[in-house]
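The values are calculated or read from the model by the stated rules, or taken from the named source; none is laboratory data. This structure is a prediction, so every number in the text was calculated from the model and none was measured. Note that each Cβ is placed from the backbone with ideal geometry, even for glycine, and that neighbours are counted across all protein chains shown.
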Amino acid sequence: MNFRMFLGENKMFTKHASIIISVLMTVLMACSDTNIIVPDSTQSKGIRVSGTGIVKASPDIIHASIGVQTFDEKAKTAVDINNEKINAIFSALTEKGVSKTDFETVSFNIYPQRDFRRDPPNQIVGFQVNNTISVTIRNLNHVGEILQATIQAGANNISGINFTVEDVVKVREKARVEAVKDARQKAESMAETLGVKVGKVISLNETGGNYPPVVRREYDVTMADAEVPIQTPSELEISITVEIIFEIE
């Protein structure tokens, strides 16, 4: 083989290699957004079932956001008036049996108020102060009474009342146990029909569920002097779903 033939063959090889590499890169790029799943041989020998556990629980706490909005031409005066009302609300809460650890300030804002109709325009005419506290109420029999006390103390903004379960982890754990029991019962029923026995667990995954739903109630601050009953929902429903693969014996 002479030198020219050698160079020619190498050029052809390089050209073909470049084409092959280009094709491979195109295929790899096309597959980059695709999940390639390789089946597990052990899973084909098992029974795949899903189970759902549902636990009902009564709400035992209420979260509420209580706010005070004040306005004055001077920022300091608006803040002083706001602080006076907030402190009165704190006192009203403690007098109604709410622990100091169950309420806290979550936001405090001062906004300049401008009058664009004046000359010169964009002139500051005063300051608005917003102060919001988060309150946890544990005595569900006196929710309306407690809220009325805060409004009479100066609250003029209640964003909502949320009923929920405090120890949600414990409730979800009960639902999880029920979900596993449900899945195993289904697997044993299938195995009996097939004439086989359920073996050990190959895999277990928690695939879904829900946290205690938040049940909201609105409270009209204009009804501070009226007896406004707060209806507590009787039950909240918490669910967990699992998927289990059992080995067949």
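What the table below lists for this structure:
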quantity: Pair list, Cβ under 8 Å, 6 or more apart: the range 180-204 residue more than 14 Å from Ile245 (Cβ to Cβ), other residue at pLDDT 95 or above and aliphatic (A, V, I, L, M); calculated: none
quantity: Residue match in the range 23-41 (condition: at pLDDT 90 or above, under 40 Å from the mean Cα position of the chain (by Cα) and either in a loop (DSSP other than H, G, I, E, B) or of a type in the set (D, E, K, R) (or both)); calculated: no
quantity: Filter result for the condition that a residue is within 23 Å of the chain's Cα centre (by Cα) and under 19 Å from Ala88 (Cβ atoms), over Thr132, Thr150, Thr164, Thr136; calculated: Thr132
quantity: Residue count, the range 192-249 (criterion: of a type outside the set (Val, Ile, Thr), more than 21 Å from Pro59 (Cβ to Cβ) and at pLDDT 80 or above); calculated: 15
quantity: Search result, residues across the range 152-179 that are closer than 12 Å to Ser65 by Cα and among the β-branched types (Val, Ile, Thr); calculated: Ile158, Ile161
quantity: Condition check for Lys76: at pLDDT below 95 and either in contact with a Gly (Cβ under 9 Å, 6 or more places away or on another chain) or basic (Lys, Arg) (or both); calculated: no
quantity: Unmet requirement for Ala183, which otherwise passes all of (1) touching a helix residue (DSSP H, G or I) at 6+ places or on another chain (Cβ under 8 Å); (2) at pLDDT 80 or above; calculated: (1)
quantity: Within the range 115-172, tally of residues that are surrounded by 15 or more Cβ atoms within 10 Å (Cβ to Cβ) and basic (Lys, Arg); calculated: 1
quantity: Glu192, sole failed condition from (1) in contact with a strand residue (DSSP E or B) (Cβ under 7 Å, 6 or more places away or on another chain); (2) acidic (Asp, Glu); (3) assigned to a helix (DSSP H, G or I); calculated: (1)
